[in-house]
Amino acid sequence: MRWADVEAGQSVEVKGETWKVLKVEGGAVTMRHASLGERTGRPVGEVHAVPTPRRDERAAAALPELRTLRKFAREEGFTEADLRGLDVDGIREAVGRRRMVQVAADNDVPVRAVEDAHIRLVLGATVIAELRTSLPPATPQVEVMDRQTFANHMAFFHDSYPSADIAMDKLAESHQASHDGDREVARHTHTVPF
């Protein structure tokens, strides 16, 4: 389908990522991605539309995942009022946003800087996947990371962001457990000595 035919409410695939079209005005398309945020642009050419299942099918399929995510969000400090009306994507976005704010505060940088770093990582991973390289990304060795670098590593590579009161040894255990769970598919290696 052509970008000119895209309508609000549709989902489209751009460089392997699924975006939800929020609005279309005079050729400008505003889209939202669950982890990359919101973007507006004037794309031209062809785009792949992602089929959207009927609402009742989607709700039934997402119910177990929704319950699990709501429980996880409450453990992360969200209240029922915070979660009211949010679907699976909305909860993921809220948790991701809160973690980005935490990472930004802990590193004394604006949230936008964390968003930019995350976008670069996602797009870099997409490029790496497209190249079909057999080598996973290399990251610093665990022994040389200070606490904040370790926390940032957990946020960007292990989809968790530890609170400041977690001891370094517990953080290392959590990190190792995450790697142990990933043995079948190595996401990255700790080979950089600095």
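The values are calculated or read from the model by the stated rules, or taken from the named source; none is laboratory data. For clarity, every value in this text was computed on a predicted model and none was experimentally measured. Glycine gets a Cβ as well: all are built from the backbone with ideal geometry, and neighbour counts include every protein chain shown.
Descriptive notes on the structure:
- The listed residues are G41, G16, and the only one of them that is outside the structural domain of A155 (by TED's automatic domain parsing), modelled with pLDDT under 85 and closer than 30 Å to A113 by Cβ turns out to be G16.
- Scan the range 155-171 for residues that are outside any loop (DSSP other than H, G, I, E, B) and either in the same structural domain as A117 (by TED's automatic domain parsing) or touching a residue at least 24 places away in the same chain (Cβ under 8 Å) (or both) and the total you get is 4.
- Of all residues in the range 12-34, exactly one satisfies the criterion of being hydroxyl-bearing (S, T, Y) and surrounded by fewer than 15 Cβ atoms within 10 Å (Cβ to Cβ), namely T18.
- Some residue of the range 96-109 being surrounded by fewer than 17 Cβ atoms within 10 Å (Cβ to Cβ), at pLDDT below 85 and not hydrophobic (A, V, I, L, M, F, W, C): no
- Among the residues of the range 68-78, not a single one is assigned to a strand (DSSP E or B) and either in contact with an Asp or Glu (Cβ under 7 Å, 6 or more places away or on another chain) or of a type in the set (G, A, S) (or both).
- Set side by side, the residues A105, A81 differ, and just one is out of contact with any helix residue (DSSP H, G or I) (no Cβ under 7 Å at 6 or more places or on another chain), assigned to a helix (DSSP H, G or I), of a type in the set (A, V, I, L, M) and more than 20 Å from L36 (Cα to Cα), which is A81.
- Residue check for R112: surrounded by 15 or more Cβ atoms within 10 Å (Cβ to Cβ), closer than 27 Å to H158 by Cβ, free of Cβ contacts under 8 Å to residues at least 60 places away in the same chain and of a type in the set (K, R): no
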